[in-house]
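See below for the structure under consideration.
The values are calculated or read from the model by the stated rules, or taken from the named source; none is laboratory data. Computed from a predicted model, the values in this text were never measured in an experiment. Note: ideal-geometry Cβ built from the backbone for every residue, glycine included; neighbour counts use all protein chains shown. For accessibility, only protein heavy atoms count, side chains too; no ligands or nucleic acids. Shrake-Rupley method; radii C 1.70, N 1.55, O 1.52, S 1.80 Å.
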Amino acid sequence: MTILVTRPHPDSDATLATLRQRGYEAIAAPVLRFEPLPFHDDDADYDAVILTSANALRAIDLGASRLLRLPLFAVGEHTADAARGAGFDKVIVAKGDAISLRDLVLARVKAGELPASAMLLYLAGADLSRDLAGELSEGGLTVVTHTTYRMAPVAALPREVSDAFMANRITAVLHYSRRSAQAFLDTIRADGLEISALALPQCCISAAVAAVLHDAGATNVVVAARPDENALLEALDRTMPP
């Protein structure tokens, strides 16, 4: 049983190792490529930082930045780990999606732990699936978004992955974001693999990601119970024969 991991590098490496520990064969086909963008601290008087992806920190070197002294709201545990690794001491963790992150920030305002007119620095990617800044602004907060990276789609699957599809060696595909799911669809169409690839179980980290595969015609789509990798791998286990 060979599992295809579409997650971008370097996160794909950790996922491959985890799958192999669980007894699966695994192969990587990162369908998005990480590209850092210039970041310059604007010296604004921020009250907190918000983060929806660990990639936003991989793109910059904060060194001994004053930002590290601010509380940081992270979308989930993976992103929180990256924040701690970058030097943030006060990391507050949401439940894995932008909605829970928004609600967490607003709850801290309601509890008096953040000023009602707080200014937040949002370190973000170029393509956002939700207008988190706009939703927080509606709650009275000021959100300044700094784009620190983008994820560029690759032109085609690696040859070894195309060969694995042709040889019917791949038994399921893991999807971690709407953008990577769409990029996966574009690559399999370019390689003439759409029908065979979409016949396989498509294991998705959220319902929003699953919707991309459903709309493309996939019929065997499995959604994680929670938007995190542990739940995604539990969903994968359920699709595999005993």
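Would you check if Arg66 is open to solvent by 20 Å² or more (accessible area, probe 1.4 Å) and modelled with pLDDT of 95 or more?
no
Suppose we filter Thr18, Thr6, Thr79 for residues that are among the β-branched types (Val, Ile, Thr), open to solvent by less than 20 Å² (accessible area, probe 1.4 Å) and more than 20 Å from Val105 (Cβ to Cβ); which single one remains?
It is Thr6.
Among the candidates Glu160, Glu229, single out the residue that is open to solvent by 40 Å² or more (accessible area, probe 1.4 Å) and under 20 Å from the mean Cα position of the chain (by Cα).
Criteria check complete, one pass: Glu229.
Give region 166-175 a look and list any residue that's at pLDDT below 95 and either of a type in the set (Phe, Trp, Tyr) or open to solvent by less than 60 Å² (accessible area, probe 1.4 Å) (or both), or say none.
Listed by number, the list holds a single entry, Ala167.
Restricting to region 90-99, what's the tally of residues that are at pLDDT 95 or above and open to solvent by 20 Å² or more (accessible area, probe 1.4 Å)?
The qualifying residues number 3.
Just to check your reading of the model, which residue among Ala211, Ala199 is over 25 Å from Pro10 (Cα atoms) and either open to solvent by less than 50 Å² (accessible area, probe 1.4 Å) or touching a residue at least 40 places away in the same chain (Cβ under 8 Å) (or both)?
Ala211
In a loop (DSSP other than H, G, I, E, B) and either closer than 23 Å to His9 by Cα or not acidic (Asp, Glu) (or both): which single residue out of Leu114, Leu106, Leu101 fits that description?
Within the list Leu114, Leu106, Leu101, the selection yields Leu114.
So, in region 140-166, how many residues would count as being aliphatic (A, V, I, L, M) and assigned to a strand (DSSP E or B)?
Final tally of qualifying residues: 4.
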